[in-house]
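The values are calculated or read from the model by the stated rules, or taken from the named source; none is laboratory data. Note that the coordinates shown come from a computational prediction; the quantities given were computed from them, not determined experimentally. Using ideal geometry, Cβ is built from the backbone for each residue, glycine included, and neighbour counts are taken over all protein chains shown. Ligands, DNA and RNA are stripped out before the accessible areas are found, and what is left, the full protein with its side chains, is counted by its heavy atoms. Shrake-Rupley method; radii C 1.70, N 1.55, O 1.52, S 1.80 Å.
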Protein chains: 2
Amino acid sequence: MTKEQALSVIAQKLEAIQSLITAITLMGWDAQTLGVPEKSLAARGAAEGWLAGEAFSRFIAEDTLEAIETLESFDSELTERERAMVREMGREYRKNKAVPPEEMQAYHALTAQAQQIWEKAREASDFAMIQPYYEKIFDFQRRLCDWYGYEKHPYDALLDDYEKGATVEALDVFFALMREKITPLVKKIVQGGKQPREIKGTFPVTKQRELTPWLCAFAGYDMSRGKIGEVEHPFCNTVNRNDVRITTKYHEDNPLSSIFSVIHEAGHAIYEQNMDEELRKYDLDNEASMAVHESQSRMLENMIGRSRAFTGILLPKLNELFGGFEDWSGEDLFRAINIARPSLIRIEADELTYCLHIIVRYELEKALIAGEIKVCDLPGLWADKYEELLGIRPPNDAKGVLQDVHWSDGLVGYFPTYAVGTAYGAQFMHAMRKTVDVDAATAKGDLSPVTEWLKQNIHCHGAMYTPGELLRRATGEPFNPAYYVEYLSKKHTELYQL
Amino acid sequence: MTKEQALSVIAQKLEAIQSLITAITLMGWDAQTLGVPEKSLAARGAAEGWLAGEAFSRFIAEDTLEAIETLESFDSELTERERAMVREMGREYRKNKAVPPEEMQAYHALTAQAQQIWEKAREASDFAMIQPYYEKIFDFQRRLCDWYGYEKHPYDALLDDYEKGATVEALDVFFALMREKITPLVKKIVQGGKQPREIKGTFPVTKQRELTPWLCAFAGYDMSRGKIGEVEHPFCNTVNRNDVRITTKYHEDNPLSSIFSVIHEAGHAIYEQNMDEELRKYDLDNEASMAVHESQSRMLENMIGRSRAFTGILLPKLNELFGGFEDWSGEDLFRAINIARPSLIRIEADELTYCLHIIVRYELEKALIAGEIKVCDLPGLWADKYEELLGIRPPNDAKGVLQDVHWSDGLVGYFPTYAVGTAYGAQFMHAMRKTVDVDAATAKGDLSPVTEWLKQNIHCHGAMYTPGELLRRATGEPFNPAYYVEYLSKKHTELYQL
């Protein structure tokens with residue numbers, strides 16, 4: 001195979017795979033925004049399964065490897081983009097090839113079943129129902145570590161799968177720092193922090209809907225290249241960089257939920273919308289990593305959305321739309337949207353305590369993969385860790401170990417990306433502040449200096465660089481969780497006047 | 001190839017093709033209900049093009065023909081459904097194979113361009129702009145007749161493509177009858193018919209939306225296996241028989257438009273929803289023909305929806321929702337929804353004059369294909385025929401020969417299905433009335449005896465039978481346009497007290 005033949009093989013595959021993925025993405029959007037009729041589920045699932053299988057078998061075919069190996073042998077003749085494409089494809093190909101197909105198929109069948117059982121187990125708050133499934137899932141994941149390979153800790157293989165380059169060694173340092181600095185801070189807030197005023201009342205959904213375009217424009221989300229849907233659990237959905245859709249959910253008793261979910265999803269959306277158009281040819285129109293994606297949404301939601309500068313422009317908007325905020329100061333609102341309070345449910349956690357929820361999961365996954373604990377130990381250990389880290393103990397497993405869908409979905413090693421992403425965000429923000437007056441831009445309601453920095457330093461590159469390389473290029477240093485700890489400590493010490 | 005091997009080849013193809021078509025259908029729904037961002041059109045089009053091309057090349061591959069021929073040789077051993085599958089597939093395969101691929105490709109490129117030019121030509125009311133495209137399109141269509149083959153008239157080849165078994169011979173008789181009976185009736189109405197009262201006012205869209213589920217339930221459309229969307233030009237969209245979606249458009253100044261569009265699309269939808277579940281395996285979960293599909297929508301919309309029995313239950317609903325109908329009688333409403341009036345635009349035509357619009361197109365297409373007239377003659381002949389048949393002459397080509405997208409879309413031989421479908425509807429209705437009290441069911445607001453008859457005699461069969469065979473089975477006789485002429489004459493003579 002010549003270099004040109006190899007590039008042509010890959011271009012043909014990409015055309016097919018991207019077309020199939022476009023279809024699957026739009027079918028997913030349809031299902032999530034409109035729902036699938038009960039009786040259509042089987043036919044619909046069969047079609048989606050066929051499309052996904054077709055994309056996979058085109059990717060995993062022998063000639064893909066031949067093309068990758070050919071291009072690897074021409075490394076010095078490749079453009080920077082071609083080289084990045086070969087790097088990403090080679091990695092993906094070899095990971096997929098490492099797992100025996102019949103094992104993977106059995107695992108898909110197992111997790112499909114486990115998801116249904118998990119829903120019932122959570123409803124009944126009965127861990128025993130899901131336990132045998134978790135045992136098989138973690139057993140598979142331990143074997144997956146061997147198939148993928150690792151240098152030091154087997155869990156590294158799984159961490160790296162979701163966050164290229166992540167290791168137990170690095171995350172242990174990160175989470176130890178969080179534990180050391182954040183746990184005492186949370187305790188102090190519980191014991192003696194000045195409690196903020198809370199927003200109460202009825203906030204008509206039709207009025208909340210009027211706020212959404214303003215929030216999107218503020219966040220730099222280009223609605224002419226997207227759409228806004230309403231769903232139960234908000235998400236961002238990318239058909240291609242020129243059709244990036246977000247969703248939200250309006251709660252009549254709480255306008256904050258939709259406001260911050262819109263800013264969060266818009267943070268994901270601008271990442272996708274700002275990728276360089278040419279990257280698609282190289283299959284590099286993807287995020288550098290899941291944590292980098294999460295860094296963009298959380299930075300926008302928390303570090304900008306939950307800032308004093310933003311409450312300054314949000315308060316008059318709330319008053320104008322809903323009334324009832326006449327006696328509120330900007331400071332009152334700033335404090336109300338930053339309430340920190342230990343809670344049991346991760347997805348409802350505030351900015352400060354969120355990371356502690358992740359530590360629980362990280363430590364349990366690591367110990368399970370190392371064989372230091374057993375699946376049957378999970379409920380007890382989960383409760384102990386919540387007590388230790390957050391000072392509260394779940395009254396039952398539904399509010400404890402059964403709350404997340406991830407394990408029954410077959411995802412192990414995924415949770416840490418949420419926390420790592422936020423830490424990346426703090427590091428990016430620290431670097432950005434050297435040249436951009438973020439607070440002034442926020443206060444003016446014109447984030448363009450911020451989004452321009454993000455576009456140039458992060459967004460436009462797509463998957464060109466590994467997360468480590470991207471961090472170094474954008475911030476001048478490797479991953480450094482100190483910025484995150486510093487940001488959280490400073491903000492909350494001041495907020496709660498500790 | 002054994003019979004079993006042939007069946008297995010076809011089953012595998014169907015799995016792939018049906019999956020691809022499911023995706024294309026849902027992408028179409030998304031585009032039509034939500035729109036595609038301008039900048040995403042190219043990537044989106046490329047993906048859809050790839051999916052459609054993949055479906056086509058899987059169908060047109062050599063082994064499909066081998067499987068078809070194998071099964072044809074085992075004809076006597078096939079089940080009735082297998083035989084119908086082989087009949088439909090063989091027909092489709094041979095038609096597609098008859099056209100040289102490079103000619104078909106060039107034609108697709110031509111019509112893609114022609115559609116864009118047509119929009120501009122209609123806007124500018126300038127036939128000269130589209131004329132060279134129409135010349136090439138009709139030239140291709142004349143060659144298509146030779147590729148497809150025909151016995152008597154070349155136009156037969158095109159008619160048969162959209163309506164299996166349709167011929168110039170049969171349609172000449174049909175349209176001559178319409179011309180003879182309907183044209184004088186329209187003249188009489190214009191000259192001396194008692195003019196009905198018209199609905200005027202403002203009808204809030206939110207209230208019109210409340211009426212839609214009632215109309216759907218009335219028509220037997222199962223909303224748990226479908227959805228309702230809002231679009232510019234209403235249509236029905238089938239993902240599979242358990243996910244059949246309809247759309248409507250609400251006009252604030254006119255509640256009738258949405259009411260009858262909902263009933264019309266629901267007529268299409270129940271056909272799809274009522275097909276036998278097992279037919280999908282044989283790719284027979286399709287309409288018997290386009291005209292049969294149209295018969296179902298028009299029968300429901302016009303013969304039931306625009307009946308005296310229906311106005312009896314519609315009037316109280318209108319009063320309840322909008323008010324202002326207190327001094328209307330059921331008879332007033334019956335006359336108001338059946339206004340017959342010669343007009344220039346086909347898609348806005350009423351039940352009586354609709355067929356005359358089709359005759360214009362049928363006669364012009366037939367003469368063009370026979371080489372008796374030229375494309376450059378179209379504007380003048382079009383205007384002459386409108387004057388002759390409807391007594392009005394288009395003031396310009398935008399309101400005349402340029403009004404329809406079909407020719408620029410490359411569709412020749414398609415128009416007659418609209419009229420033939422309505423005539424089928426009248427024939428089905430005549431047969432149904434022998435055992436079903438249609439008016440009593442309508443007046444009770446419970447159409448189940450009607451929809452059950454339709455399900456048993458038409459819907460459940462999908463594409464098992466050719467339209468001619470289906471007509472014979474359901475009505476006991478071949479196509480007989482007399483029922484349609486009789487129905488229209490009786491209804492309108494009485495309505496206008498002629």
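Data overview
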{"quantity": "Probe 1.4 Å, all protein chains present, accessible-area order of A:Met85, B:Met104, A:Met223, largest first", "calculated": "A:Met223, B:Met104, A:Met85"}
{"quantity": "Rounded accessible area of A:Leu498 (nearest 10 Å², 1.4 Å probe)", "calculated": "80"}
{"quantity": "Cα centroid of the range A:419-465 to Cα centroid of the range A:241-257, whole Å", "calculated": "22"}
{"quantity": "For residues of A:242-251, the mean tally of beta carbons on other chains within 10 Å", "calculated": "2"}
{"quantity": "Proximal aspartates and glutamates to B:Lys136, defined as alpha-carbon separation beneath 18 angstrom and excluding residues fewer than eight positions away on the same chain", "calculated": "B:Glu102, B:Glu103, B:Glu119, B:Asp126, B:Asp146, B:Glu365, B:Glu372, B:Asp377, B:Asp404, B:Asp409"}
{"quantity": "Inter-copy separations for B:Ser73, label at 7 Å along Cα-Cβ, nm, ascending", "calculated": "4.5"}
{"quantity": "Computed [θ] at 222 nm, deg cm²/dmol, chain A (DSSP H ≥ 4; -39,500 (n - 2.57); rounded to nearest 500)", "calculated": "-21000 deg cm²/dmol"}
{"quantity": "Sequence of A:Leu284, A:Leu65 from largest to smallest accessible area, 1.4 Å probe", "calculated": "A:Leu65, A:Leu284"}
{"quantity": "Helix runs (DSSP H) in chain A reaching 18 Å along axis by Cα, Kyte-Doolittle at least 0.5", "calculated": "A:168-192, A:308-322, A:354-369"}
{"quantity": "Label geometry 7 Å along the beta-carbon vector: A:Gly324 inter-copy distances in nm", "calculated": "3.6"}
{"quantity": "Ascending list, in nanometres, of distances separating the A:Ser448 label from those of the other copies (7 Å, Cα toward Cβ)", "calculated": "6.4"}
{"quantity": "Antiparallel bridges, percent of DSSP beta bridges restricted to chain A (to nearest 5)", "calculated": "60"}
{"quantity": "Average Cα contact separation per residue, the range A:15-137, under 8 Å, 6 or more apart, as relative contact order %", "calculated": "20"}
{"quantity": "Alpha carbon centroid spacing (whole Å) that separates the range A:483-498 from the range B:166-224", "calculated": "70"}
{"quantity": "Cα-Cα over 23 Å, subset of B:Lys188/B:Lys490; B:Lys207/B:Lys249; A:Lys227/B:Lys227; A:Lys152/A:Lys187; A:Lys13/B:Lys13", "calculated": "A:Lys152/A:Lys187"}
{"quantity": "Number of partner chain Cβ atoms within 10 Å, mean per residue of B:9-22", "calculated": "3"}
{"quantity": "Cα-based reach from A:Lys181 at 12 Å (exclusive), listing aspartates and glutamates while leaving out same-chain residues under 8 positions away", "calculated": "A:Glu486"}
{"quantity": "Beta carbon of chain B nearest to the axis of the rotation taking B to A, residue and angstrom distance", "calculated": "B:Ala23, 2"}
{"quantity": "Alpha carbon centroid spacing (whole Å) that separates the range A:58-104 from the range B:389-410", "calculated": "56"}
{"quantity": "Simple spin-label estimate for A:Arg473 and B:Glu38 in nanometres, 7 Å along Cα-Cβ", "calculated": "3.1"}
{"quantity": "Accessible area of B:Ile347 in the full protein assembly, 1.4 Å probe (Å², nearest 10)", "calculated": "120"}
{"quantity": "The protein assembly as shown - share of DSSP beta bridges that are antiparallel (%, nearest 5)", "calculated": "60"}
{"quantity": "Residues with amide H under 5 Å from that of A:Trp328, placed H, sequence gap 5 or more", "calculated": "none"}
